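Worksheet for the structure shown next.
The values are calculated or read from the model by the stated rules, or taken from the named source; none is laboratory data. In this text the structure is predicted, and so the values were computed from the model without any measurement. As a convention, Cβ positions derive from the backbone with ideal geometry for all residues, glycine included, and neighbour counts pool all protein chains shown. The area values use the complete protein model at the heavy-atom level, side chains included, leaving out ligands, DNA and RNA. Shrake-Rupley method; radii C 1.70, N 1.55, O 1.52, S 1.80 Å.
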Amino acid sequence: MNEVNIELLAPAKNAETGIEAIKHGADAVYIGAPKFGARSSASNTIEDIERLVKFAHCYGARIYVTVNTIIYDEELAEAEALIHKLYKIGVDALIVQDTSIFKLDLPPIAIHSSTQAENSTLAKVKFWESIGCEQVVLARELSLEQIAAISKQIEEQKICGPAGELVKIEMFAHGAMCMSMSGKCYLSEHESHHSANRGACRQICRRKY
């Protein structure tokens, strides 16, 4: 069996949480950007993210920033400016959902596809690879057998990212689990006009009915 290096990636609501995760062994941390993150309540300032990046890099850890909501046309210039700021402070990768980001004038920063893109098939992985992603976060609803099948097909078909290496896949191992399909749930939007794809899910599916 080939040796596989597994990256332990921890979520962080803020810089302090991210620092503690790294102190306790996380290889990488993902954190919300000031805007356009799928958890709008967990947004952070550029200054706080920069502080986390500096700490992480001292210990060889990586910082990924979520810019993984749907972005409206009138917001694209703002998103582009934000991405340049994140690149300037040394962020290692972005986690995105909206493919319009690839039409922007991007700095040379790694891009990962978010679970919000509902990455449940090999075809989805191939699509994200074709437009420049080197890592794909699979849909949270997949079973271990489905994850294994996709991973095997990536290796057999030699699906490689921009750096020429096999596309990496990422999977949630713990945490809150939506009752609907990643990126395809419109219940919060329908019931409260707060869209999950805009970072404002009201978690209606978790109520007792």
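Summary table
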item: Where Ile111 falls short, out of the listed (1) touching a residue at least 12 places away in the same chain (Cβ under 8 Å); (2) farther than 23 Å from Cys185 by Cβ; (3) over 13 Å from the mean Cα position of the chain (by Cα); result: (3)
item: Single residue of region 79-104 satisfying the filter (of a type in the set (D, E, K, R) and at pLDDT below 95) that is surrounded by the most Cβ atoms within 10 Å (Cβ to Cβ); result: Asp98
item: Per-region count, region 69-98, residues out of contact with any strand residue (DSSP E or B) (no Cβ under 9 Å at 6 or more places or on another chain), assigned to a helix (DSSP H, G or I) and among the β-branched types (Val, Ile, Thr); result: 0
item: Checking Pro34 against (1) open to solvent by 50 Å² or more (accessible area, probe 1.4 Å); (2) at pLDDT 95 or above, the condition it does not meet; result: (2)
item: Matching option when the condition is in a helix (DSSP H, G or I), within 18 Å of the chain's Cα centre (by Cα) and in contact (Cβ under 8 Å) with a residue 40 or more places away in the chain, among Gly18, Gly37; result: Gly18
item: Subset of region 57-78 [surrounded by 16 or more Cβ atoms within 10 Å (Cβ to Cβ) and either farther than 19 Å from Arg39 by Cβ or in contact with a Pro (Cβ under 6 Å, 6 or more places away or on another chain) (or both)]; result: Ala61, Arg62
item: Ser188 vs. criteria part of a helix (DSSP H, G or I), small (Gly, Ala, Ser), at pLDDT below 80 and surrounded by 14 or more Cβ atoms within 10 Å (Cβ to Cβ); result: yes
item: Some residue of region 122-138 being surrounded by fewer than 20 Cβ atoms within 10 Å (Cβ to Cβ), closer than 22 Å to Arg62 by Cα and aliphatic (A, V, I, L, M); result: no
item: In region 40-56, the residues that are open to solvent by 50 Å² or more (accessible area, probe 1.4 Å), assigned to a helix (DSSP H, G or I) and not acidic (Asp, Glu); result: Ser40, Ser41, Arg51, Lys54
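Rundown of residues vs (1) hydroxyl-bearing (Ser, Thr, Tyr); (2) out of contact with any His (no Cβ under 6 Å at 6 or more places or on another chain), yes/no style:
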{"residue": "Thr69", "(1), (2)": "yes, yes"}
{"residue": "Glu80", "(1), (2)": "no, yes"}
{"residue": "Gly90", "(1), (2)": "no, yes"}
{"residue": "Ile95", "(1), (2)": "no, no"}
{"residue": "Leu104", "(1), (2)": "no, yes"}
{"residue": "Ser114", "(1), (2)": "yes, yes"}
{"residue": "Glu118", "(1), (2)": "no, yes"}
